[in-house]
Each structure stands twice: as structure tokens, then as C-alpha cells.
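First comes the structure, then the notes that go with it.
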Amino acid sequence: MLSENIKTIRKSKGLSQDELAIKLNVVRQTVSKWERGLSVPDSEMLISISEALETPVSTLLGENIEEPETNELKAISEKLEVINLQLAQRKERSRKLLRWFFFILCAVTVIIFAVIGFAGSPYLGWDFSDPEIAFAGTILHGFEWVFVRIAPLLLIGGIIGLIMTRRKE
């Protein structure tokens, strides 16, 4: 029972036989003999083992130490699998949403550019002596001027975005 307890507690603490041997100032073979039940540590060494493993001597001598049940590990594994699946779904939704954004950006850019092209700047023939018409004409001209310069960049950025967010299989 002592041999099993030393081995179980050592493993639960994440120590190798070498590491425990270094803490106890003995050779690894000594720890191996204790764990195989080929020898028994004396009372002073038993106290040192309990200190090194941070566990009471009574636990080393008599109480059985249970290893983590495989059911617990299986439950943790299943939870991690669910979390990974949820993260993958969230990533896929984000990718699709971003792809739709780039598609709409390209479509709106082309539509506005076509409307501006077909309209042919009708404000150029307006009578700008009326302040309200002058203001509206200036706003339309400013929008057209800025949009015509920005539209190619928006279109190129949208196309690059569509390419980068396509599904890779």
C-alpha cells in the first residue's frame, strides 16, 4: 500500500522519479524500489517523503489515493470538444458576415458609380443665383468629386476582402 501511495501521489504532483530522488537526496533507483515494494523507507525518510510530496505521513501509510477517474477526463474532453465546435461556428459566422459586408460594399460602390455616370452631373446646368440651389449643387459636386476618387479604392478593397474571406477547402 505504501508503494502504491508513493507512486500515485508522486504522479499526481507531476514529479518524475528523478525529481523526487533529487528532493530526497537519494538515487532514482531507491525511489523505484520503494514504488515497486522491493524496499521500505525508514521513518526519517518517510517524513522527508511526506514533506517532498506535501502530503501527510498517514496518507502515505494507509489511506488509498485514487487516481483521477477516466470519466472526469472524458467529461473534460467532451466539454473542450463542444467549446472548440462553438468557436469554429463563431469564426465561420464572422467570416460569412465579413464576406457579405465586402460584397455589399462592392455592389453599392458600382451602383453609385453607375448612377453618377448616367446622371451626367445635372447640377452643372442649374442656376446657382439661388442660395439653396447653390448649396445643393455644391454638396452634390463635392460628393461626386470625392466619390469618384474613392470609388476605385473601395472597389479594390472590397474585391480583396471577398477573395480573402472565401472559404478555403
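We did not get these values from a lab; they are worked out from the coordinates using the rules stated. Since the structure is predicted, the reported quantities are computational estimates derived from the model, not experimental observations. Methodologically, a virtual Cβ is constructed for each residue, glycine included, from the backbone with ideal geometry; neighbour enumeration extends over all protein chains shown.
Fewest-first ordering of 23, 96 by other beta carbons within 10 Å of each residue's beta carbon gives 96, 23. Entry note, the chain: the mean residue ellipticity at 222 nm calculated from DSSP H runs of n ≥ 4, each adding -39500 (n - 2.57), is -25500 deg cm²/dmol after division by the residues and rounding to the nearest 500.
Positive-end ranking of 146, 158, 76 along the dipole of the stretch 71-162, with charges on Cβ about the Cα centre, is headed by 76. Within the set (1) 1.60; (2) 1.04; (3) 0.99, the number that Rg/Rh (Cα atoms, Kirkwood Rh) takes when calculated for this structure is listed as (1).
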